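The values are calculated or read from the model by the stated rules, or taken from the named source; none is laboratory data. Since we're looking at a predicted model, the values are computed, not measured. Here Cβ is always computed from backbone atoms with ideal geometry, including for glycine, and neighbour counts include all displayed protein chains. With ligands, DNA and RNA removed, areas are computed over all heavy atoms of the protein, side chains included. Shrake-Rupley method; radii C 1.70, N 1.55, O 1.52, S 1.80 Å.
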Amino acid sequence: PSDFIFKFFSQHNVIVGAFFALSGYVTAYTTTENAQKAASPRLTETPAQKWTLSRVFGFYPLHLLVLALFSPIFIYADVTYNGWLKTLWHGFLSVTLTQAWFPLHAEVWNAPTWFLSGLVFATGLMPFALPKIAKMDKKALRRSAAWLTLVSLLPKLGYFYDFNCLGVPEGWTSPKVHPNLAIFNIMRFSPVMIAAEVLIGAVACRLVMLDGASDDEAQPVKTNALSTLVPLLSILTCLWARASDLVVVSDMLVRTLFFIPMFLRVLMATHRNTVRPDVKDPTVKALSSKILVWLGNLSFPIYIVHGPLGQVFYKKLIAKKLFGQVLSGVGFFGIYLASVMTLAWILQKTFLANKSVGAWSKKTVDDLASWM
């Protein structure tokens with residue numbers, strides 16, 4: 001691809017912040033009361049360990065299955081490069097979802113699941129944080145959002161200052177020339193950093209959920225189609241400017257100070273426009289289209305399998321062993337995408353929708369919660 005296309009789609013360190021904020025937003029929406037300063041009984045009346053485990057086991061069974069399905073590939077590559085002892089350790093990190101705590105090994109085996117590793121820690125904080133957040137009024141919520149942003153930003157400022165890397169766009173900077181990859185990976189993978197972004201998402205959701213509450217400070221915010229379109233266009237403009245080298249600055253600064261706030265503005269406006277009696281926002285209507293709803297239902301299995309299948313097609317050691325060459329080119333990329341979609345659909349229909357899997361997950365959660 002062209003240099004612009006490569007850079008535009010290499011901003012994953014920025015965009016991933018949206019998924020952490022969205023996780024917090026959805027969690028707050030499902031566990032706190034609308035137009036009330038209170039947490040839902042389903043949160044407050046459930047023991048913290050059981051509530052956390054029930055959330056984790058929403059994604060953990062599929063994670064285990066995909067690890068098992070692709071374990072020959074993971075093990076073969078790991079043993080080739082690192083030997084059996086480190087391979088066993090990496091397997092343990094992957095199975096227990098603790099890899100995000102190890103900054104230089106957060107992407108072992110199924111690389112994208114470092115996200116789940118960080119999310120487990122943030123999920124464990126929610127039973128303690130959400131009841132407090134739910135009691136806040138809008139003024140306190142805005143103050144909390146500012147403090148959480150500061151907590152997220154300060155370590156990154158230290159990273160920029162100590163290594164003089166404010167102008168290093170990490171997404172397309174070679175690890176060989178990065179001033180300190182380990183410290184950057186702490187900024188990128190650390191569950192503590194992730195927790196701040198998840199909590200910011202929860203705070204944003206509560207700001208919307210207090211619309212229509214009885215007190216004067218919580219009057220509904222007026223929104224329209226521009227309320228979603230303007231921040232959405234600003235995000236795309238920012239990504240375009242960075243890919244064009246018009247703005248040369250660290251991924252982590254853009255993510256904390258611009259991308260996550262703008263994404264949450266889109267999300268909050270979409271939320272408000274969705275609950276209106278007459279939905280006129282074209283962005284909301286587009287997001288409600290059948291194709292996007294269908295893709296949304298497949299999004300988690302797509303996320304879980306795209307990394308392992310990517311190794312089959314593009315990891316040199318694996319692809320050459322299986323096919324004699326790396327499967328590069330537009331045609332093979334199309335086959336790769338079709339393979340991801342097909343496997344995701346199969347897993348959705350045969351595993352995630354399987355009642356036996358749900359029953360096993362529930363029993364395991366009950367057993368572990370009793371033990372804990």
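Restricting attention to the stretch 186-195 and to residues that are assigned to a helix (DSSP H, G or I) and open to solvent by 10 Å² or more (accessible area, probe 1.4 Å), the residue that is nearest to L264 (Cα to Cα) turns out to be M193. If you go through the stretch 295-351 and pick out every residue that is touching a residue at least 40 places away in the same chain (Cβ under 8 Å) and hydrophobic (A, V, I, L, M, F, W, C), you end up with 14. For the criterion of being of a type outside the set (S, T, N, Q) and under 27 Å from E107 (Cβ atoms), I291 fails.
Looking only at the stretch 60-83, residues that are of a type in the set (F, W, Y) and either more than 23 Å from the chain's Cα centre (by Cα) or at positive phi (or both) come to 2 in all. Here the stretch 239-270 is the region considered, the condition is being under 17 Å from Y29 (Cα atoms) and either in contact with a Phe, Trp or Tyr (Cβ under 8 Å, 6 or more places away or on another chain) or of a type in the set (S, T, N, Q) (or both), and the residue that is surrounded by the most Cβ atoms within 10 Å (Cβ to Cβ) is L264. Per the listing V221, V254, V266, the residue uniquely β-branched (V, I, T), closer than 29 Å to L125 by Cβ and modelled with pLDDT under 90 is V221.
When residues of the stretch 128-160 are filtered for being in a helix (DSSP H, G or I), touching a residue at least 24 places away in the same chain (Cβ under 8 Å) and either closer than 30 Å to P47 by Cα or touching a Pro at 6+ places or on another chain (Cβ under 6 Å) (or both), how many remain? Write out each step before concluding.
Our first condition is that a residue be in a helix (DSSP H, G or I); within the stretch 128-160, this holds for 128-134, 138-160.
Keeping just the survivors that are touching a residue at least 24 places away in the same chain (Cβ under 8 Å) gives 128-131, 133-134, 138-139, 141-142, 144-145, 148-149, 151-153, 155-156, 159-160.
If we keep only those that are either closer than 30 Å to P47 by Cα or touching a Pro at 6+ places or on another chain (Cβ under 6 Å) (or both) too, we end up with 128-131, 133-134, 138-139, 141-142, 144-145, 148-149, 151-152.
The qualifying residues number 16.
Selection of the stretch 277-287 for residues being open to solvent by 40 Å² or more (accessible area, probe 1.4 Å) and touching a residue at least 12 places away in the same chain (Cβ under 8 Å) yields K280, P282, L287.
Within the stretch 91-106, being open to solvent by less than 60 Å² (accessible area, probe 1.4 Å), assigned to a loop (DSSP other than H, G, I, E, B) and not hydroxyl-bearing (S, T, Y) holds for L97, P103, A106.
Scoring L236 on the criteria (1) more than 21 Å from S2 (Cα to Cα); (2) of a type outside the set (S, T, Y); (3) open to solvent by 40 Å² or more (accessible area, probe 1.4 Å) leaves a single failure, condition (1).
No other residue among R55, R42 is in a helix (DSSP H, G or I), open to solvent by 50 Å² or more (accessible area, probe 1.4 Å) and without any contact (Cβ under 8 Å) to a residue 40 or more places away in the chain apart from R42.
Which of the residues that make up the stretch 109-118 are over 17 Å from S23 (Cα atoms) and either in contact with a Ser or Thr (Cβ under 6 Å, 6 or more places away or on another chain) or surrounded by fewer than 22 Cβ atoms within 10 Å (Cβ to Cβ) (or both)?
Quick first cut of the stretch 109-118, residues over 17 Å from S23 (Cα atoms) only: 109-111.
Those that are over 17 Å from S23 (Cα atoms) and either in contact with a Ser or Thr (Cβ under 6 Å, 6 or more places away or on another chain) or surrounded by fewer than 22 Cβ atoms within 10 Å (Cβ to Cβ) (or both): W109, A111.
Checked against (1) in contact with a Lys or Arg (Cβ under 9 Å, 6 or more places away or on another chain); (2) at negative phi, L166 meets all criteria but (1). In the set V108, V56, V95, only one residue is under 30 Å from L253 (Cβ atoms), within 23 Å of the chain's Cα centre (by Cα) and at pLDDT 90 or above; that residue is V108.
In the stretch 161-182, how many residues are surrounded by fewer than 18 Cβ atoms within 10 Å (Cβ to Cβ), part of a helix (DSSP H, G or I) and in contact (Cβ under 8 Å) with a residue 60 or more places away in the chain?
Pass one, the stretch 161-182, residues surrounded by fewer than 18 Cβ atoms within 10 Å (Cβ to Cβ): 161-164, 166-167, 172-182.
Those left that are additionally part of a helix (DSSP H, G or I): 161-163, 172, 175-177, 181-182.
Right, trim to in contact (Cβ under 8 Å) with a residue 60 or more places away in the chain and you get 172, 181-182.
Final tally of qualifying residues: 3.
Looking at A48, A77, A68, just one residue is small (G, A, S) and open to solvent by 40 Å² or more (accessible area, probe 1.4 Å), and that residue is A68.
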